[in-house]
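Every number here is computed from the coordinates shown, using simple stated rules; none is lab data. Here the structure is a predicted model, which means the values were calculated and not measured. No Cβ is skipped: glycine too gets one built from the backbone with ideal geometry, and neighbour counts run over all protein chains shown.
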Amino acid sequence: MLAQKSEYSSSSSSIRFFTVSQAQNNPPSAYIDSISPSPATQGQSVSFQGHGSDSDGSIVAYNWRSSINGQLSTLSSFSTSGLSVGAHTIYFKVQDNSGSWSTEATATLTINLPLPPPPSLVSPAQGATGVGLTPTLSWNAVSGSCDGYTVRILRLVDFWTVEAVVHVDLGVVTSYSVPSGKLASATTYVWVVWAHNGAGFSPYSTRYFSTAGSAPSTPSLVSPADGATGVGLTPTLSWSAVSGPCDGYAARIIEASTGSAVLHVNLRVVTSYTVPSGKLVSSKTYIWVVWAHNGAGWSPYSTRTFTTA
């Protein structure tokens, strides 16, 4: 506080005047130190930290607010997981011991919508067999935000290859009935479901099932002839294609004298297989066996023998 003195004199008295002025308070300053993580996902805990400074006093109060959620906290640092989805402007101010508030410091924070969780599949069960050609696929609704589901059905072409036969985007439903003409009998299918919202697609859930039908017929072996002798050490085994649905074959070679398998291989939908070098030895008799496979299971096997040169 400042005082100025003024004097007035007369013969009878002296009068003194004082002018008193108040020292000006300097307002404080506010600083946002960190907001983490940024951006964040809805429901994720976000930490805020700030501080203030005052050149002629001390900081006694704090205030945080959001352009979307409003008042957030009156602490210098805090955490919250309750922020709404959207682009927030965050405001922070401090108050000094004279009652003055600072200008608000600002920062931006984006809260993103979380992806949906993977759907929980219900029916058909994993590995179900004998399924009809127009099954109803069902799953449980996901928690949280969801604006639809996508279903894909893949046909097992062979042991290593699939092809899509159905791909459909659905609304917020929990089942899908496969239309006729999409599935074939005695065939294995993989079905896949995703959930979707504004943030994107969930991780997928998948199962497989096989449609009703009969296992393949027994393959008809072609070459080498049964009981063939003088066969080379890398012969090509061949057979005729089976009729009806088939997604692959299996071939096995067994040493006749010991009954031990020297080779077993799962094959695509082919009708021959060339034995690699190093599997057979000279002057040995071998049994070779072939099966066919489809969604209903394995065929009866066919078998022949040959003797190497």
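Structure above, values below:
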item	result
Most fluctuating residue given options Ala225, Ala199, Ala296, as computed from a GNM of the chain linking Cα atoms under 10 Å	Ala225
Separation in nanometres of the label points that stand 7 Å from Cα toward Cβ, at Ser238 and Ser79	7.1
The stretch 116-161-the stretch 175-244 distance, computed between alpha-carbon centres (Å)	18
For a label point 7 Å along the Cα-to-beta-carbon line of Lys284, residues of the stretch 248-278 with backbone N under 17 Å	252-265, 274-278
Difference of contour (0.36 nm per residue) and Cα-Cα distance, Val173 to Ser272	31.0 nm
Cα-only radius of gyration and Dmax that characterise the stretch 29-112, units Å	12.9, 42
Student exercise, the chain dipole from Lys, Arg, Asp, Glu Cβ charges, in Debye to nearest 20	800
Where Rh is the Kirkwood radius over Cα pairs, Rg/Rh for the stretch 182-227	1.36
For the chain: relative contact order, % (alpha-carbon pairs under 8 angstrom, 6 or more apart)	13
Check: the stretch 75-165 dipole with +1 on Lys, Arg Cβ and -1 on Asp, Glu Cβ, in debye	140
Reachable aspartates and glutamates from Lys279, criterion Cα separation under 18 angstrom, eight or more residues apart if same chain	Glu255
